[in-house]
Amino acid sequence: MLEVGGFTPLSTTDWPDRLVAVVFVQGCPWRCHYCHNADLQPRSGAPQGAWVQALDLLRRRQGLLDGVVFSGGEPTLDPSLPQAMSAVRALGFQVGLHTAGIYPDRLQAVLPLVDWVGFDLKAAWADYERVTAVPRSGEAVQNSLNRVMTEVRERGIGCEIRTTWHPALHDDHAMGKLGAQLAACGVREWVWQTCRPTPAMPIELAAACREPSTALLGRMAQCGMRVVLR
């Protein structure tokens, strides 16, 4: 059964232009320095019966919501994700997925069940370890992004490619490298999210949080993509 660490019954921000519920799946193998859901990193700790309760509420929300987003943590870590997505589709909901692309094969297995993907990019492929603390983590992400972009081209699923920017972790050169790599993968719009301080964030990182400059965003647009600040 899906390990659910949290549930939001109504969100207008987790899937653009959709009213959705959000299921937060417990567990993530990465330890990104600015993680906003650090309580979801351990695989254990999900409340007993949380998925059953979420399904019961979703049955009562049929006709009132557009879809359900599976977020995390990293949802593709959970082997029960395909069954959970199928259950949601059977209720008549569209399915969204937030993923960091950690597991390419598991991602590929659920993509046929997905209508929209929010893909979190951390850094240029070679720089991933500096953010995730996991060696060679960028290789899997590049693989996953290529698979998602294939689904976008062939099946027309929706997709948002986004990066949470922090000046201490993403200098201009590093972001330029990532922008070039995304453009080469066929990405046409790149969403930047400003990093917000959290209680779990190291003090020095929290103090350095700020928005990127207009000049930096303009330079990123020269990679051939529309760059959006959120």
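The values are calculated or read from the model by the stated rules, or taken from the named source; none is laboratory data. All figures in this text were calculated on a predicted structure; none of them were measured in a lab. No Cβ is skipped: glycine too gets one built from the backbone with ideal geometry, and neighbour counts run over all protein chains shown. Calculation scope for accessible area: heavy atoms of the full protein, side chains included, ligands and nucleic acids excluded. Shrake-Rupley method; radii C 1.70, N 1.55, O 1.52, S 1.80 Å.
Here is how the numbers come out for the structure above:
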{"item": "Of all residues in the range 100-141 being among the aromatic types (F, W, Y) and open to solvent by 20 Å² or more (accessible area, probe 1.4 Å), the one that is modelled with the highest pLDDT", "result": "Y103"}
{"item": "The range 55-69 - residue that is basic (K, R) and assigned to a helix (DSSP H, G or I) and, of those, least open to solvent (accessible area, probe 1.4 Å)", "result": "R59"}
{"item": "For L10: the one exception among (1) within 26 Å of R89 (Cα to Cα); (2) modelled with pLDDT under 95", "result": "(2)"}
{"item": "Segments classed as helices (runs of 4 or more DSSP H), wholly inside the range 70-174, with at least 3 members that are within 20 Å of W190 (Cβ to Cβ)", "result": "128-132, 137-155"}
{"item": "Residues located in the range 156-185, provided they are more than 15 Å from K122 (Cβ to Cβ), modelled with pLDDT of 95 or more and in contact with a helix residue (DSSP H, G or I) (Cβ under 9 Å, 6 or more places away or on another chain)", "result": "I157, G158, C159"}
{"item": "Matching entry among R130, R162, R136 (being closer than 19 Å to D14 by Cα and charged (D, E, K, R))", "result": "R162"}
{"item": "Positions within the range 1-27 being small (G, A, S) and not in a loop (DSSP other than H, G, I, E, B), in sequence order", "result": "G5, G6, S11, A21"}
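Residue-by-condition table, conditions (1) open to solvent by 40 Å² or more (accessible area, probe 1.4 Å); (2) within 26 Å of P197 (Cβ to Cβ):
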{"site": "Q26", "(1), (2)": "no, yes"}
{"site": "R31", "(1), (2)": "yes, yes"}
{"site": "Q41", "(1), (2)": "no, yes"}
{"site": "P47", "(1), (2)": "yes, no"}
{"site": "Q53", "(1), (2)": "yes, no"}
{"site": "S71", "(1), (2)": "no, yes"}
{"site": "E74", "(1), (2)": "no, yes"}
{"site": "A87", "(1), (2)": "no, no"}
{"site": "H98", "(1), (2)": "no, yes"}
